[in-house]
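Visitor: Once you've had a glance at the structure underneath, I'll fire off some questions.
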Amino acid sequence: MLKRFFFPVVFCVAVLFVSSAYAAEMDIKGWEKGGEYDSLYDNTDRDVFKGTLLKIKDYTPMDGMTEGVAVLVKDKEDGEEVLVHLGPKDFVEPRIKDLRPGVRVKVYGVLVELDGEYEYMAAKLKAGEERKYKFRLTKDGTPFWSLSPEELQKEESSQ
């Protein structure tokens, strides 16, 4: 009887420890789900555009946030350069190591206004024919960096 009780309790404690350790590893101040920045993402107003990746850069969308990563994309239709926010640096950098300027991209996300400028908050980025980078859940806009390690693994394995 004790064994049947002991294992599930130890397992649950281990999962909680790993989840909190995972979140503690990443510096996502200001990028949290439900925060001021996250509330700008209106999942009902999603849009898609194609273009060419010009540059990958460090970017901080709002005062007090930790540094994030953005890409500058030249819109295929009108030639306009669009800044696309990908997410917090600690989350994004390891996932985009093979992303390079010059590649054709398709950006899925939401157009937002920050300090009088229109920019995109990305949910997903397709690069070329094969690479997909996911940053938010399509169904509700939840940022991937706020998911538990188990939820994140499930989402990333479905690519």
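Visitor: Given a cut-off of under 8 Å on Cα pairs at least six residues apart, what relative contact order in percent is computed for segment 38-157? Let's see the in-between values first.
Guide: Numbers: 232 pairs, mean separation 27.8, N = 120.
Across segment 38-157, relative contact order equals 23 percent.
Visitor: Quick one: dipole size for segment 38-157, taken about the Cα centre, charges +1 on Lys/Arg Cβ and -1 on Asp/Glu Cβ, in debye to the nearest 20.
Guide: 740
Each reported figure results from applying straightforward, stated rules to the coordinates on display, with no laboratory input. Computed from a predicted model, the values in this text were never measured in an experiment. Note that each Cβ is placed from the backbone with ideal geometry, even for glycine, and that neighbours are counted across all protein chains shown.
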